[in-house]
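Student: Take a look at this one; I'll ask things after.
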Amino acid sequence: MKKLWMAILLIVSLGTVCLAADKVEGPDACKICGMNRTKFAHSRMVVTYTDGSSTGTCSLNCVVTDMMAAKGKTVKSYQVADYNTRKLINAKTASWVIGGSKMGVMTSVAKWAFADKKAAEAFIKQNGGKLATFDEALKAAEKEHADKKPHDHMGNGGHKM
């Protein structure tokens with residue numbers, strides 16, 4: 001019986017390790033900054049343009065950089081990872097949190113997305129920040145991009161996490 005429990009424990013442990021190592025959808029690295037998108041699965045985004053092209057990034061701030069470089073292209077959709085589950089969700093319908101005590105990805109002001117408004121509110125209670133819409137989060141990222149100094153990819157005081 002003891003051997004059976006040891007075998008079950010080993011199988012469960014290996015399963016947990018395998019799940020933790022799962023990669024996210026391609027590309028592996030952010031097109032803009034090169035950061036590992038699996039490591040930053042909680043903040044990654046995919047922007048799809050009407051011409052059928054798409055870009056996978058590590059964060060909303062890198063999406064803004066990509067959109068600035070994609071002059072003339074129209075965005076068809078934005079997907080963002082839910083902070084808690086790491087699953088891609090519609091960025092426009094997500095509940096966003098701007099700011100708080102958690103360091104952001106490629107930004108000095110964190111921007112996190114949640115599929116559920118209650119999860120966003122729970123995050124705010126624990127970490128601070130303010131509830132926002134996608135448009136507000138995008139505008140904050142665009143403002144940060146506009147305020148950047150030349151060659152300052154992360155913004156003023158930005159963190160790579």
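Student: I'm trying to understand the selection: among the residues of region 76-91, which are surrounded by fewer than 15 Cβ atoms within 10 Å (Cβ to Cβ) and within 30 Å of Ala122 (Cβ to Cβ)? I'd like the intermediate steps shown before the answer.
Tutor: Taking region 76-91 and keeping what is surrounded by fewer than 15 Cβ atoms within 10 Å (Cβ to Cβ), we get 76-77, 85, 87, 90.
Once the filter is applied, which keeps residues that are surrounded by fewer than 15 Cβ atoms within 10 Å (Cβ to Cβ) and within 30 Å of Ala122 (Cβ to Cβ), region 76-91 yields Ser77, Thr85, Lys87, Asn90.
Student: What's the number of the only condition in (1) over 22 Å from the mean Cα position of the chain (by Cα); (2) at pLDDT 95 or above; (3) among the aromatic types (Phe, Trp, Tyr) that Phe40 fails to meet?
Tutor: Looking at each condition in turn, Phe40 falls short on (1).
Student: I've got another one for you. Kindly list the number of the only condition in (1) part of a loop (DSSP other than H, G, I, E, B); (2) modelled with pLDDT under 95 that fails for Ile32.
Tutor: Condition (2) is where Ile32 drops out.
Student: Tally the residues that are within 22 Å of Ala110 (Cα to Cα) and of a type outside the set (S, T, N, Q), restricting the search to region 48-92. Outline the logic, then answer.
Tutor: Going residue by residue through region 48-92, those that are within 22 Å of Ala110 (Cα to Cα) are 55-68, 77-92.
This time we only want the ones that are of a type outside the set (S, T, N, Q), so: 56, 58, 60, 62-64, 66-68, 78, 80-83, 86-89, 91-92.
Residues in region 48-92 being within 22 Å of Ala110 (Cα to Cα) and of a type outside the set (S, T, N, Q): 20 in total.
Student: Please find, among Ala115, Ala91, Ala29, the residue that is in contact with an Asp or Glu (Cβ under 9 Å, 6 or more places away or on another chain) and over 20 Å from Ala146 (Cα atoms). Working first, answer last.
Tutor: Details: Ala91 fails: in contact with an Asp or Glu (Cβ under 9 Å, 6 or more places away or on another chain); Ala29 fails: in contact with an Asp or Glu (Cβ under 9 Å, 6 or more places away or on another chain).
Ala115 is the lone residue from the list that is in contact with an Asp or Glu (Cβ under 9 Å, 6 or more places away or on another chain) and over 20 Å from Ala146 (Cα atoms).
The values are calculated or read from the model by the stated rules, or taken from the named source; none is laboratory data. Keep in mind the model is a prediction, meaning the values are calculated, not measured. So basically every Cβ, Gly included, is an ideal-geometry build from the backbone, and we count neighbours across all protein chains shown.
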